[in-house]
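What follows is a short report on a single structure.
The values are calculated or read from the model by the stated rules, or taken from the named source; none is laboratory data. All values reported here derive from a predicted model rather than from experimental measurement. Note that we place each Cβ from the backbone using ideal geometry, even for glycine, and neighbour counts take in every protein chain shown.
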């Protein structure tokens, strides 16, 4: 991500404006060769670079943030600004407070230094223009914060401003929960020894989209997702409640309790579309299945098989309603391409009362097929296991489970990741762009997290 920011700044600043960079010591000479004759000036040590920097952007894994901040804090220039770019802000702000604005013995530290933070809600493979970026003004003057605003403008991203606790609450929904849903799908397929692109039950644009997104995650570093899950104290409650929704919806499907399922989806739809006009503002204003069809990795003809119950999507709508979460508010504030597409899929299934009724009927009917019942049971068990892993804060188990799934899909991960990137580049611009606003936490989620 640091290189993405560097590229944007080089394009936005005068050609001769120096930009100082520092990497791991063993990469210094490679950086010198790469940027020879440019305005980019590599430094071998942070301690040498910090005293002459007005603004320092730290882009490292979450678990390294405190170490880097502690290393650089004593050397910061007067009235400089330090900014973090991690995906979890609680530990990052604690590092700023502990190492910059206070001393080891609890005394006053460098209160002249501005503390700000940002989070680009996408990976470096996607164009930042039009994507979401969160800016956090923790303790900074107008001038200090304006430097961060300049960077966001250089990226061309959609800006939302919030405090760090609201950020972590929102990201628990748009990132940690999204990842858990997709990892649960991958785990269920792995344990069933099913490659979804080779199974007729997963034909079609929407079904292939789930497989592509799952493979896209599994093709990345497990440690990045572990950092998100375990660094964010607000993630467990939401993941746990999602697993509860999965179990409850799954039980309604098994028992054929159509009326009860319909009532819950009515509540879910009311929560999803909170005003009558919202029904006309779907994120994707065309046939989503048809739009995703070109990105199908399987070309088998779909046979006459039972439709998928879409348990994962029904449970997602249900948990948002039970916790009074407005997913569109989170989408506006801190959407990722993956969470945006999942929200679009949920919208499609509840778009109108008639569509919702047909999908409820289809979900109930799907459990007449043993294959769908088995798939949903496997998904429910997988969701429960991931929630338990996050609850225990067992980082090693999380990484092992992640890699266990990744090995199963290893033969196709590279190609599926490429297809997934292409799919997101096509799908994301189709989403309706709603104006950014400041995040307002829901009361129900606040009370759940407080327990």
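Got a sec? Which of 381, 343 is touching a residue at least 24 places away in the same chain (Cβ under 8 Å), out of contact with any helix residue (DSSP H, G or I) (no Cβ under 7 Å at 6 or more places or on another chain), surrounded by 15 or more Cβ atoms within 10 Å (Cβ to Cβ) and more than 15 Å from residue 211 (Cβ to Cβ)?
381
Take the conditions farther than 22 Å from residue 135 by Cα, part of a helix (DSSP H, G or I) and more than 30 Å from the chain's Cα centre (by Cα) and apply them to residue 48. Does it pass?
Spelling it out, residue 48 is indeed farther than 22 Å from residue 135 by Cα, part of a helix (DSSP H, G or I) and more than 30 Å from the chain's Cα centre (by Cα).
Provide a single number: the residues in segment 124-143 that are touching a residue at least 40 places away in the same chain (Cβ under 8 Å) and under 29 Å from residue 216 (Cβ atoms).
The qualifying residues number 10.
So which pairs qualify, if the first residue must be in segment 266-283 and under 17 Å from residue 332 (Cα atoms), the second must be modelled with pLDDT under 70 and surrounded by fewer than 19 Cβ atoms within 10 Å (Cβ to Cβ), the Cβ gap must be under 6 Å, and the two must be at least 6 apart or on different chains?
Close Cβ pairs (under 6 Å, with a partner that is modelled with pLDDT under 70 and surrounded by fewer than 19 Cβ atoms within 10 Å (Cβ to Cβ)) amount to 273/279; 281/432; 283/432.
Please go through segment 73-96 and pick out each residue that is assigned to a helix (DSSP H, G or I) and in contact with a strand residue (DSSP E or B) (Cβ under 7 Å, 6 or more places away or on another chain).
Hits for segment 73-96 are 89, 92, 93, 96.
Looking only at residues in segment 328-375 that are in contact with a strand residue (DSSP E or B) (Cβ under 6 Å, 6 or more places away or on another chain) and assigned to a helix (DSSP H, G or I), which one is nearest to residue 309 (Cα to Cα)?
Within segment 328-375, the match that is nearest to residue 309 (Cα to Cα) is 344.
Quick test of your reading of the structure: residue 146 fulfils all but one of (1) closer than 20 Å to residue 223 by Cα; (2) free of Cβ contacts under 8 Å to residues at least 12 places away in the same chain. Name the failing condition by number.
Status for residue 146: all satisfied but (1).
Which one of these is modelled with pLDDT under 75, over 24 Å from residue 195 (Cβ atoms), buried (at least 17 other Cβ atoms within 10 Å of the Cβ) and out of contact with any strand residue (DSSP E or B) (no Cβ under 6 Å at 6 or more places or on another chain): 427, 431, 450?
431
Scan segment 8-20 residue by residue and report those that are under 12 Å from residue 38 (Cα atoms) and surrounded by 14 or more Cβ atoms within 10 Å (Cβ to Cβ).
Selection gives 10, 19, 20.
Please find, among 209, 237, 188, the residue that is modelled with pLDDT under 90 and within 21 Å of residue 311 (Cα to Cα).
209
Scanning for something at pLDDT below 95, more than 23 Å from residue 79 (Cα to Cα), surrounded by fewer than 13 Cβ atoms within 10 Å (Cβ to Cβ) and assigned by TED's automatic domain parsing to the domain that holds residue 86, does segment 45-62 turn up at least one residue?
For segment 45-62, residues at pLDDT below 95, more than 23 Å from residue 79 (Cα to Cα), surrounded by fewer than 13 Cβ atoms within 10 Å (Cβ to Cβ) and assigned by TED's automatic domain parsing to the domain that holds residue 86: absent.
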